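For reference, the structure discussed in these notes is given below.
The values are calculated or read from the model by the stated rules, or taken from the named source; none is laboratory data. Bear in mind the structure is a predicted one, so any value in this text is a computation, not a measurement. Don't worry about glycine lacking a Cβ; one is built from the backbone with ideal geometry, like all the others, and counts go over all protein chains shown. SASA here: full protein model, heavy atoms, side chains in, ligands and nucleic acids out. Shrake-Rupley method; radii C 1.70, N 1.55, O 1.52, S 1.80 Å.
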Amino acid sequence: MDNRAIGVFDSGLGGLTVIREMGSLMPRENAVYFGDTARVPYGSQSKATIIEFSHQIMRFLLRHDVKGVIIACGTASSNALEEMRASYDLPIIGVVEPGARAALRATKNGRIGVLGTAATIRSGAFERLLLKEDPSLEVTSQACPLFVPLVEEGWFSDEVTREVIRRYIKPLKENQVDTVILGCTHYPLLRPLIQKEMGENVTLINVSEAATREMKEFLGQHDMEADHAAGTYDFYASDSIDQFRSFSRQILDITNLTVSKVSIEK
Ligand code: DGL
């Protein structure tokens, strides 16, 4: 048993989809969440910058004595996971490996689509892992730089969002993928629209859910689960506290959520 909290971080608000999954999959676990709302999006940053930001956040989370970390950001997972694992001595789970594994289990025709930020797609992380497991797969990757701002604006079911989705998924439809990895933790919030445009027979992989399941499994295997009556969450952000509050109200079932603004650069 280990009652310490799990650290969860994202460039902004998308990682709250991991907190949502924790509420249903690991309701006894506490979490310390950090959203780097002052510097979102990471998707347009270089690998070196994403690594530097991730180090700053890891150090912040370690000061809160977390027992493990979920990198609830596709961009940081695909660009900084190895460096974080090499630098810190605690379990660190990103969203790329769990997402790729879930897609491998789901596909029947061996054609998998990957949607992610520009930096995630440029890293080739999902594609590499998928092809390592099965070189015969056909992987179609598409960067979707407009998705994160649309989600952060709360435009989950807007006509503009629908049109943007149609354009981005075109190559995936042309290549007849039967499985799509939503490779960014913001994208589960667009799931109903993406599902509608891809068609009901296509399986969408929610990387937030897949990563939360892997953390749960890891804690179980290592006797590190918490036994709180109900998990509690501490939220921190580097800016935009009001937006954080209104956004989280839309996706989390938590009344009186408090968010503290912190500076982590030093
Ligand atoms: N939630 C982040 C991700 O999963 C958003 C990316 C960004 O900040 O651009 O990639």
Taking the condition more than 30 Å from ALA229 (Cβ to Cβ), of a type in the set (Gly, Ala, Ser) and within 11 Å of the ligand (Cβ to nearest atom), does SER46 pass? no
Residue within the stretch 171-184 that is more than 24 Å from LEU137 (Cα to Cα) and either more than 15 Å from the ligand (Cβ to nearest atom) or within 13 Å of the chain's Cα centre (by Cα) (or both) present: no
Filter the stretch 1-15 down to the residues that are farther than 18 Å from MET84 by Cα and either open to solvent by 20 Å² or more (accessible area, probe 1.4 Å) or at pLDDT 95 or above (or both), then identify the one that is farthest from the chain's Cα centre (by Cα). MET1
Selection count where residues are open to solvent by less than 30 Å² (accessible area, probe 1.4 Å) and of a type in the set (S, T, N, Q), scope the stretch 122-158: 2
So is THR203 closer than 19 Å to LEU104 by Cβ, within 11 Å of the chain's Cα centre (by Cα) and more than 13 Å from the ligand (Cβ to nearest atom) or not? no
